[in-house]
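Remarks on the structure that follows.
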Amino acid sequence: MDIPELSMALSMSKVQSDWGTAMLSKSLDNLSEVGATVAEMMDTSAMELSVNPDIGGNIDLKV
């Protein structure tokens, strides 16, 4: 393998590595946003229980 081919192969490897790192970073950002949304939803359900503490406490069954 000559120098130009080696240089092109190394350059392509760096581009692929940089692209993979960027995609992982974007994925981490998206997962962070989803986690924040889930935490917010959980806080909302906790607020509902503080307003109506009897919700879900009893089940009426007739046989």
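Values quoted throughout were computed directly from the atomic coordinates according to the rules given, and no laboratory measurement underlies them. Everything numeric in this text was worked out from a predicted model, so none of it was measured. Reconstructed Cβ throughout: ideal geometry from the backbone, glycine too, with neighbour counts over all protein chains shown.
Between residue 7 and residue 30, the FRET efficiency from the beta-carbon distance, with R0 = 30 Å, is close to 0.30. Working note: Karplus 6.51/-1.76/1.60 with θ = phi - 60° gives the stretch 12-29 the couplings 5, 5, 5, 4, 5, 5, 5, 5, x, 5, 5, 5, 5, 5, 5, 5, 5, 4 Hz, where Gly and Pro are set to x.
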